[in-house]
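A.B. asks: Have a look at this one.
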Amino acid sequence: MISPLTLRSPRLLSSAVAVLAVGLSAMSANAALLTSWTQYSGSVSSGLNTSSPVLGNGTTDSGDNQSIYAITPTSYTLSSVGDSLTLSGGVTFLNLATPQADQFRFGLYNVNGQSGGTGWLGYMASNSGTSGGPTYSRLWERNNPNTGSFGSGTGATAVANVNATPGNTSFASGTYTFSLTLTRVATGLEVGWTLIGANVNYTVSGTYLDTTPQTYTYNRVGFFTGGGLNADQVSFSNVDLTVVPEPGVLGLVVAGLTFCFILRRRRQA
Ligand SMILES: [Ca+2]
Ligand SMILES: [Ca+2]
């Protein structure tokens, strides 16, 4: 059976189908490399205009005590259940010496109206360690308000911790992939983080359900290295942000369907 709509306006139907198809495929995910970094603390860095920034020049422990951040391509608001934002990439640590826990931190933030690097909201995750204090990987939520810098434990609360997979080697020199994902759920935000060795037998994987998120909007990404890392160099690769759904795609689909609807009304008039 052929519907009246098909008989009346086959082009209209095909354009509506095309708009829906484009919209549905684009709603899967959109990944964007982050290629513009600002040095916030420390002094030796390169590649700040690439998605592979480098902290330290290879001399003893020059990768320590540094932090950088990037402004995201747009400000992302996780407005609907299922919306998510993922920071991911690779990182290589050169010549670590008995690295302590929490000395490598990666975070997703809301600049919270601040002009500098302090007072931001959001979450950051860390490495576990091989010496000194707790050796687990932690997740922090920044307090609202706070006066600490974005990578600092000052003005942040540790909300979750997880050990590396039992039997793994300790956190050590080598290459890793990392991810930090924020997903809007009915009761708040689900935060997931991973730090997985590519050539080191090491896996950290944690989750935390925040039923009291300070914000659903994110517009900064940041990295921090502490003095207890003893890294001669920390080299990132392909740092990117994956957004589901891509902002603007839903608007495009709605606009396309509205256009088709108006066209149909005009033809029927
Ligand atoms: Ca909270
Ligand atoms: Ca070192």
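The values are calculated or read from the model by the stated rules, or taken from the named source; none is laboratory data. Note that this is a predicted model, so its numbers are computed, not measured. Reconstructed Cβ throughout: ideal geometry from the backbone, glycine too, with neighbour counts over all protein chains shown.
A.B. asks: Are there strands (runs of 3 or more DSSP E) fully within the stretch 131-232 with at least 1 residues that are touching a Ser or Thr at 6+ places or on another chain (Cβ under 9 Å), closer than 22 Å to Asp61 by Cα and within 16 Å of ligand 2 (Cβ to nearest atom)? List them.
C.D. replies: Working: elements: 137-142, 156-162, 174-185, 188-197, 203-210, 217-225.
Passing ranges, in order: 174-185, 217-225.
A.B. asks: Are there any pairs with C-beta distances below 8 angstrom linking a residue in the stretch 211-223 that is closer than 18 Å to Pro145 by Cα to a residue that is within 16 Å of ligand 2 (Cβ to nearest atom), with the two at least 6 apart or on different chains, and if so which?
C.D. replies: Final answer for the pair search is none.
A.B. asks: Let me ask something else about it. Any idea how many residues of the stretch 119-158 are over 25 Å from Glu190 (Cβ atoms) and surrounded by fewer than 18 Cβ atoms within 10 Å (Cβ to Cβ)?
C.D. replies: 6
A.B. asks: With the condition kept exactly as written, say whether any residue in the stretch 125-134 is within 16 Å of ligand 1 (Cβ to nearest atom) and on the phi < 0 side of the Ramachandran plot. Show your work before the answer.
C.D. replies: The initial filter retains those residues of the stretch 125-134 that are within 16 Å of ligand 1 (Cβ to nearest atom), namely 125.
Pick out the ones that are also on the phi < 0 side of the Ramachandran plot and you get 125.
Yes, because at least one residue in the stretch 125-134 is within 16 Å of ligand 1 (Cβ to nearest atom) and on the phi < 0 side of the Ramachandran plot.
A.B. asks: Please go through the stretch 45-56 and give me each residue that is in contact with a strand residue (DSSP E or B) (Cβ under 7 Å, 6 or more places away or on another chain), over 15 Å from Pro73 (Cβ atoms) and either buried (at least 17 other Cβ atoms within 10 Å of the Cβ) or polar (S, T, N, Q) (or both), ordered by number.
C.D. replies: Applying the first criterion (in contact with a strand residue (DSSP E or B) (Cβ under 7 Å, 6 or more places away or on another chain)) to the stretch 45-56 yields 45-48, 51-56.
Add one more test, that the residue is over 15 Å from Pro73 (Cβ atoms), and what stays is 45-48, 52-56.
Hits for the stretch 45-56 are Ser45, Ser46, Ser52, Pro53, Val54, Leu55, Gly56.
A.B. asks: While we're here: List pairs: first residue in the stretch 108-135 and farther than 20 Å from Leu85 by Cα, second residue at pLDDT below 95 and of a type in the set (Phe, Trp, Tyr) anywhere in the structure, Cβ distance under 8 angstrom, at least six positions apart or on different chains.
C.D. replies: Cβ pairs passing all conditions: Asn127/Phe171; Ser128/Tyr136; Ser128/Phe171; Gly129/Phe171; Thr130/Phe171.
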